[in-house]
Amino acid sequence: MRSKLRNTLIAVIVGVTALVAIRAARPSLRSQIPSSQAFYDRNGKLLRLSLSQDDKFRVWFPLEKIAPQFVEAVLLKEDRNFRFHPGVNPVSLIRAAFRTFVAKGPRQGGSTLTMQLARLLYGIRGRSVWAKIRQIFHATSLEVFHSKNEILEAYLNLLPFGSNIEGIGAASLIYFHRDPGQIGLLQSLALVEVPQNPNSRGLHRATDGSVRRQAISRWLQAHPEDQKILNSAWDFQSFTSEALPFEAPHLVDWVASKREGDRVQLTIDLPTQNLIEKLVQAEVNRRKGIGIQNASVILLDSRSMEVQAYVGSAGYFQKEIFGQVNGAASKRSPGSTLKPFVFALAMDQGLIHENSVLKDSPTSFGAFDPENSDRGFDGPVTAKDALIRSRNIPAVSLFSQLKPGAGLYQLLEKAGVTRMKSEKFYGYALPLGGSELTLQELVGLYATILHQGNFLPIRLEKTHQEKPADPIQLYSPEAAAILFQMLTENAAPGTGLTQGWSRDQLPVAWKTGTSHGFRDAWSLGVFGPYVLGVWVGNFDGTGNPNFNGRDAAAPLFFRIVDAIRSQDRSLENWISPTLSTAVSKVKVCSQSGHLPGPHCKDHVESLFIPGKSPIQPCSVHRQYWISDRTGKRGCGPGPGMKPQIFEVWPSDILQIFSAAGLPRRKVPVLDSSCGEEIVSASGRNPQITSPREQLSYLLRIEEKSIQEGQTLPLTAITDGDAKKIHWFVDHAYLGESRPDRALFWPIRPGTHVVQAVDDQGRSSRREFEVTVTQ
């Protein structure tokens, strides 16, 4: 007896264990049913409901997310004994069979809720006995392998609600624009009546008098306390599938292409999204006369790195502008929008401070000859002015001086910029728009200004469980603070006034960009906690002379800034990023940008990173002793000698001053009696500009270049006190030239060394190569 009992107990345990194991191994009911995707904004407002793979509107909601009164109403109508039967109710089946086949009355099915789920899940059609047997078999199987709650949840998510609408999730979203957990009692009772005959009894029929009375009567039998509620008017607003929202289409498309899941909550704020869409459309309509037809915009809240608005084009359904292309995620040339990060790296590497003076003059970088957009040159320009006025030569010059392996290319790699070619491929064109970035990537880069130089990824979805990404330091907090201050000096278009002109004006640190061929106009910047990026252009890549960042993109940029400022009242009390305690202010010479010497009269304050910023003394203002009798420069103080202060600029800068009608007083010739140690005691060494650095010169063998007189120009930039340059090639003296003139050398194959020595004894040298080719 005990042995039989033990064996029976073991058999039960084994059976239960096997059943549990089989249940765990079988796929869930949810995984067997294709679902639509429902996209919401940050506040739960529906943006779009897509079709499932089988072309149904069907969104799966877990049982606990469905209104309890709807669940109870379904059970009251369809299967009051659902919790107690094993999938089949023999009493109901016998009663239905008797009334149908014996009493010859109206057909009755006798199906339980589980049998109805089997019919819906496995596509069992018809009312034959065989169909009923198949329902019974599958219902029993469902009860064995799935819990009651799983079965009930699947049933509620498969109920037909007319046309191609299935499940309470899709029905509540379409008919009421609400999640199924937010519908009320009256809406629940109306929806319960639809599945009985979904195609002929839509929601509008479910509100008819007879249907309404049946639903109310059934509910009141179980809940008489709701009499007062159900006596109220049966009025609620309902919609159809044609009225489904279609908001933020480019963002929804972008996320849908990369994300699975039936319910996705995005980070955008729908009212802000709609506001910016209207501003984009109004700007395009206002400026169609100059060829502006399209724009993309991203607004980001740097506090959470969540995108608040995402506009991919000026019109999603406008075929003439290829409106369904997502301009916010398209790779485009960024123009000058990367220059701020060159300047930030240059500050960290001790190349500049805020008011360092840079040269904006014709300069070659190997085979690369950059120009400014206005085809002109400004001569000496401060780092701040060079940045906000987007001068190309100073930017490329700083870029060329950045440490190997710690330049702009590596910064972009750290920031996760995709589809980058090799660093060598871009060369010196990288800071001028030689690469391609998306608006999303650029907005992420500009957010580093508000994050003390740290990069954090942009968030498009509200994923509360996601662990925050670790920040990646691209440049120092000190450089970020100075960069912010520099960019706020950029005057808003049409005002000529910098951002600090009004006490109540919100500082905007911003930069424009224009791609080669005027194909892309950009405006990016930060204000308050927000990062804003605007692109204007054509998706087919056609250029337009009006596609200039300041003229085409900046007006829309500032209209959005003004609109957000009016909408977000918290910006009135916003405290802009403050300078780090590690940043100090020092006085520098206003003309050289260096620490003032004894002869510098005009000083300006400059933001300075101690231990990093350059600390050279001023070399522009120099004192010379001039003879009253000869007017020549003397060797030092003495009888008839008077001290005079001169501005001594490099020869290329002097040429720009002269061309602008602002010639500088020339330093007199040095008296020949002065010794060599006086001659070369100070000043800048010559800078050889031809032959060029990092460039190999080719000579075709059939050209017989020497006999035909082909020559290579030798040129150099000298200090302002130099009057002549003496040239040597391979230690052989060639002759002399003025600093603004070239000396021509008969070219010949081989590796050569050229040396330039000015008349003050200062010199420099460069190795270059001439190779023979067929």
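Pop out the ³J(HN,Hα) list for region 444-460 in order, Karplus 6.51 cos²θ - 1.76 cosθ + 1.60 with θ = phi - 60°, rounded to Hz; leave Gly and Pro as x.
Each residue of region 444-460 in turn: x, 5, 5, 5, 5, 4, 8, 10, 6, x, 8, 9, 10, x, 6, 10, 9 Hz.
Can you return the aspartates and glutamates within cross-link range of Lys632? Criterion is Cα-Cα under 19 Å, with same-chain partners fewer than 8 residues away left out.
Leaving aside aspartates and glutamates fewer than 8 places away in the same chain, those within reach of Lys632 are Glu647, Asp671, Glu676, Glu677, Asp719, Asp721, Asp758, Asp759.
Carbon and sulfur together cover what percent of the accessible area of region 340-490 at a 1.4 Å probe radius?
Numbers: 2880 of 5950 Å².
Summing carbon and sulfur atoms, their accessible area is 48 percent of the total for region 340-490.
Over region 342-407, what is the mean sequence separation of C-alpha contacts under 8 Å (at least six apart), divided by residue count, expressed as relative contact order in percent?
43 percent.
How would you order 721-729, 365-373, 523-531, 592-600 from highest to lowest mean count of nearby Cβ atoms within 10 Å? Please report the intermediate quantities before stating the final value.
On the way: 721-729: 20.2, 365-373: 15.1, 523-531: 25.0, 592-600: 18.2.
Descending packing order for the listed peptides: 523-531, 721-729, 592-600, 365-373.
Near Arg519, within a Cβ-to-Cβ distance under 14 Å, what is the net charge of the other residues, with Lys and Arg +1 and Asp and Glu -1?
Local charge sum for Arg519: -1.
According to the square roots a ≥ b ≥ c of the eigenvalues of the Cα gyration tensor, what is the shape class of region 507-578, taking rounded for a/c under 1.5, prolate for a/b larger than b/c otherwise, and oblate for the remainder?
prolate
Please list 3J(HN,Hα) in residue order for region 378-391, calculated via the Karplus relation 6.51 cos²θ - 1.76 cosθ + 1.60 where θ = phi - 60°; whole Hz, with x for glycine and proline.
9, x, x, 9, 5, 4, 4, 5, 4, 6, 6, 9, 6, 7
When a/c reaches 1.5 or more, the comparison of a/b and b/c decides; with that in mind, is region 405-491 rounded, prolate or oblate per its Cα gyration tensor?
oblate
Pop out the ³J(HN,Hα) list for region 292-304 in order, Karplus 6.51 cos²θ - 1.76 cosθ + 1.60 with θ = phi - 60°, rounded to Hz; leave Gly and Pro as x.
With coefficients 6.51, -1.76 and 1.60, one gets 7, 10, 8, 7, 10, 9, 10, 10, 10, 8, 5, 5, 10 Hz.
For Rg and Dmax of the Cα atoms in Å, the listed values are (i) 39.1, 142; (ii) 31.8, 119; (iii) 26.9, 98; which was obtained by calculation from the structure presented?
(i)
Can you find, among Gln655, Asn43, Leu712, the residue farthest towards the positive end of the dipole of the chain? Put +1 on the C-beta of Lys and Arg, -1 on that of Asp and Glu.
Asn43
In whole percent, what relative contact order does the chain give with Cα contacts below 8 Å and a gap of six or more residues?
That works out to 9 percent.
To the nearest 10 degrees, how steeply does helix 554-567 sit against the main Cα axis of the chain, on a 0 to 90 scale?
Between the helix axis and the principal axis of the chain, the angle is about 50 degrees.
As I understand it, the value is the acute angle between the Cα axis of helix 477-488 and the longest principal axis of the Cα atoms of the chain; what does it come to in degrees, rounded to 10?
80
Scan around Glu461 for amide H atoms under 5 Å from its own, H built in the peptide plane at 1.01 Å from N, and keep only partners 5 or more places away or cross-chain.
For Glu461, whose amide H was placed from the backbone, the distant partners under 5 Å are Thr267.
Measure nothing fancy, just the Cα-based angle from helix 270-286's long axis to the longest principal axis of the chain, in degrees from 0 to 90, nearest 10.
For 270-286 against the chain, the angle is about 50 degrees.
So which of Lys45/Lys65; Lys587/Lys666; Lys384/Lys511; Lys258/Lys462; Lys359/Lys384; Lys339/Lys511 end up more than 18 Å apart by C-alpha?
Flagged as over cut-off: Lys587/Lys666.
Rounded, prolate or oblate for region 26-84? Axes are the square roots of the Cα gyration tensor eigenvalues, ordered a ≥ b ≥ c, and the cut-off for rounded is a/c under 1.5.
In terms of gyration-tensor shape, oblate.
Counting only heavy atoms of the protein chains, get the accessible area per residue of the chain (1.4 Å probe) and round it to a whole Å² value.
Details: 37120 Å² over 774 residues.
Accessible area per residue, the chain: 48 Å².
Mind ranking 643-654, 418-429, 159-170 by how tightly packed they are, going by the mean number of other C-beta atoms within 10 angstrom, highest first? Write down the numbers at each step before the final one.
On the way: 643-654: 19.4, 418-429: 13.1, 159-170: 23.7.
Result, highest mean Cβ count within 10 Å first: 159-170, 643-654, 418-429.
In debye, nearest 20: dipole of the chain around its Cα centre with unit charges on the Cβ of K, R (+) and D, E (-)? All intermediate terms of the calculation are to be shown ahead of the outcome.
Numbers: 88 positive and 73 negative charges, 646 e Å.
In total the dipole reaches around 3100 debye.
Suppose only helical runs count, i.e. DSSP H with n ≥ 4. What mean residue ellipticity at 222 nm does that imply for the chain under -39500 (n - 2.57) per run, divided by all residues and rounded to the nearest 500 deg cm²/dmol?
Taking each H run of at least 4 residues, the total per residue is -8500 deg cm²/dmol.
Quick query: amide H of Ser590 versus all other amide H atoms, modeled in the peptide plane; which residues come in under 5 Å with a sequence gap of 5 or more or a different chain?
Asp602, His603, Val604
The values are calculated or read from the model by the stated rules, or taken from the named source; none is laboratory data. Computed from a predicted model, the values in this text were never measured in an experiment. For neighbour counting, all protein chains shown are included, and Cβ atoms are generated from backbone atoms with ideal geometry for every residue, glycine included. Areas reflect the complete protein model, heavy atoms only, side chains present, ligands, DNA and RNA absent. Shrake-Rupley method; radii C 1.70, N 1.55, O 1.52, S 1.80 Å.
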